[in-house]
Amino acid sequence: MANPSLLILAGDGIGPEVMDEVKKVIGWFGDKRGLEFDVSEDLVGGCAYDAHGTPLTDATMEKAQQVDAVLLGAVGGPKYDDLDFSVKPERGLLRLRKEMDLYANLRPAQCFDALADFSSLKRDVVAGLDIMIIRELTSGVYFGEPRGIHTEGNERVGINTQRYTESEIARVARSAFELARKRSNKVCSMEKANVMESGVLWRQVVTEVHEREYPDVELSHMYADAGAMQLCRWPKQFDVIVTDNLFGDLLSDAAAMLTGSLGMLPSASLGAPMANGRPKALYEPVHGSAPDIAGQGKANPIACVLSFAMALRYSFDKGDEATRLEDAVNTVLADGYRTPDLLGEEGKDPVTTKQMGDAIVAALDASL
Ligand code: IPM
Ligand code: MG
């Protein structure tokens with residue numbers, strides 16, 4: 001049988017340097033675990049714009065549709081701030097999400113024990129935290145029409161539209177309920193049904209899907225602003241949170257900080273199953289391109305490494321190997337390896353991006 005295929009889109013800023021460490025890890029699984037991947041690489045974001053005048057070429061889009069999984073680093077940077085909206089680096093990522101129809105974005109927020117004192121919240125609030133935010137990723141205000149900036153009378157008006165169809169809500173709700181069944185069987189759905197019609201519909205549809213198909217799962221609803229507050233107050237009350245595209249963007253950054261650093265968190269964006277039964281999938285860190293530290297060896301590669309672990313679990317059915325990789329990350333953290341973002345007040349010497357990657361590979365070796 002052919003090897004599973006992986007398309008690597010390292011992107012901009014710290015993307016390429018964190019991806020270099022992931023490539024080591026991918027190589028390790030090939031050499032030591034017989035898990036060979038056919039890896040190809042291409043451009044997305046600002047670097048694609050520099051080379052081709054577009055943040056994602058049709059050829060790259062086509063490749064992404066064909067492979068078993070896409071692994072993405074990060075896109076964007078100040079150099080591209082003044083570009084027209086249609087060719088901004090972010091549009092490349094949004095096009096991938098939209099055209100691959102990756103509607104369920106899984107963003108785990110897990111607190112590694114070695115970092116529990118590093119969170120801005122107290123240890124007992126975050127220690128052992130393990131929640132999963134499922135963000136709808138292909139619709140809502142990110143894509144709704146009409147949108148744009150136009151002039152009315154003598155002033156400019158900026159417009160975006162929040163729009164959700166019933167089927168868009170139902171399919172992401174199903175993803176949440178399915179996942180909850182494999183975890184603690186609890187879903188909290190967040191919207192603002194108190195002020196938005198799209199939120200009213202969201203709540204209705206989630207409730208209907210629940211009653212019809214998943215009555216065994218515990219379901220609660222929360223307004224998204226209250227949800228943000230509860231996430232900071234007592235995050236361990238949650239298991240799976242399901243929410244729309246924009247609220248999910250905000251809530252997942254907030255949840256990330258509970259765990260100590262945005263540099264730790266991976267994500268999986270999943271669509272409908274392909275002919276081979278695997279979901280269409282793109283894996284990427286939650287963090288951005290961090291242009292301020294790019295190229296200096298300061299970036300934390302863990303979020304990107306853990307994104308590959310999610311690929312092993314959700315695309316390649318290798319949950320055991322995913323756990324092996326997550327355990328290796330746990331080990332290096334327990335051994336005190338810290339990139340600058342994980343240092344806080346500890347006063348230790350930081351390791352470089354490359355040293356962190358090497359330490360993870362060494363921990364993988366030790367796991368055999
Ligand atoms: C994210 C990012 C993206 C988003 C940007 C880079 C387009 O913030 O993945 O959370 O807003 O979705
Ligand atoms: Mg974001």
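Scan region 279-291 and tell me whether some residue there is open to solvent by 10 Å² or more (accessible area, probe 1.4 Å), more than 16 Å from ligand 1 (Cβ to nearest atom) and free of Cβ contacts under 8 Å to residues at least 24 places away in the same chain.
Taking every residue of region 279-291 in turn, none turns out to be open to solvent by 10 Å² or more (accessible area, probe 1.4 Å), more than 16 Å from ligand 1 (Cβ to nearest atom) and free of Cβ contacts under 8 Å to residues at least 24 places away in the same chain.
Just one of 107, 163, 91, 156 is modelled with pLDDT of 95 or more, outside the structural domain of residue 218 (by TED's automatic domain parsing) and more than 15 Å from the chain's Cα centre (by Cα); which is it?
Details: 107 fails: more than 15 Å from the chain's Cα centre (by Cα); 163 fails: outside the structural domain of residue 218 (by TED's automatic domain parsing); 156 fails: outside the structural domain of residue 218 (by TED's automatic domain parsing).
Step by step, each of 107, 163, 91, 156 is checked, and only 91 is modelled with pLDDT of 95 or more, outside the structural domain of residue 218 (by TED's automatic domain parsing) and more than 15 Å from the chain's Cα centre (by Cα).
Only one of (1) within 15 Å of ligand 2 (Cβ to nearest atom); (2) of a type outside the set (Val, Ile, Thr); (3) in the same structural domain as residue 94 (by TED's automatic domain parsing) fails for residue 245. Which number is that?
Among (1) within 15 Å of ligand 2 (Cβ to nearest atom); (2) of a type outside the set (Val, Ile, Thr); (3) in the same structural domain as residue 94 (by TED's automatic domain parsing), the lone unmet condition for residue 245 is (3).
Could you say which residue among 81, 124 is under 30 Å from residue 50 (Cβ atoms) and not hydroxyl-bearing (Ser, Thr, Tyr)?
Details: 124 fails: under 30 Å from residue 50 (Cβ atoms).
Answer to the selection: 81.
Being more than 15 Å from residue 176 (Cβ to Cβ) and within 16 Å of ligand 1 (Cβ to nearest atom): is that true of residue 257 here?
Values: more than 15 Å from residue 176 (Cβ to Cβ): yes; within 16 Å of ligand 1 (Cβ to nearest atom): yes.
Here the answer is yes, as residue 257 does meet what is asked.
Can you tell which of 37, 29 is touching a helix residue (DSSP H, G or I) at 6+ places or on another chain (Cβ under 9 Å), open to solvent by less than 10 Å² (accessible area, probe 1.4 Å) and aromatic (Phe, Trp, Tyr)?
Working: 37 fails: open to solvent by less than 10 Å² (accessible area, probe 1.4 Å).
From the options 37, 29, the qualifying one is 29.
From the list 83, 102, exactly one residue is surrounded by fewer than 16 Cβ atoms within 10 Å (Cβ to Cβ), at pLDDT 95 or above, assigned by TED's automatic domain parsing to the domain that holds residue 45 and assigned to a loop (DSSP other than H, G, I, E, B). Which is it?
Values: 102 fails: surrounded by fewer than 16 Cβ atoms within 10 Å (Cβ to Cβ).
Sole residue among the options that is surrounded by fewer than 16 Cβ atoms within 10 Å (Cβ to Cβ), at pLDDT 95 or above, assigned by TED's automatic domain parsing to the domain that holds residue 45 and assigned to a loop (DSSP other than H, G, I, E, B): 83.
So which of 228, 268, 254 ends up being within 16 Å of ligand 2 (Cβ to nearest atom), open to solvent by 30 Å² or more (accessible area, probe 1.4 Å) and within 13 Å of residue 132 (Cα to Cα)?
Values: 228 fails: within 13 Å of residue 132 (Cα to Cα); 268 fails: open to solvent by 30 Å² or more (accessible area, probe 1.4 Å).
One residue alone meets the criteria, 254.
Applying the selection to region 300-322, what residues are under 13 Å from residue 15 (Cβ atoms), out of contact with any His (no Cβ under 7 Å at 6 or more places or on another chain) and within 16 Å of ligand 1 (Cβ to nearest atom)?
304, 307
The values are calculated or read from the model by the stated rules, or taken from the named source; none is laboratory data. Just so you know, these numbers come straight off a predicted model, no measurement behind them. Counting neighbours? That spans all protein chains shown, and the Cβs are built from the backbone with ideal geometry, glycine included. These accessible areas exclude ligands, DNA and RNA; they are computed on the full protein's heavy atoms, side chains included. Shrake-Rupley method; radii C 1.70, N 1.55, O 1.52, S 1.80 Å.
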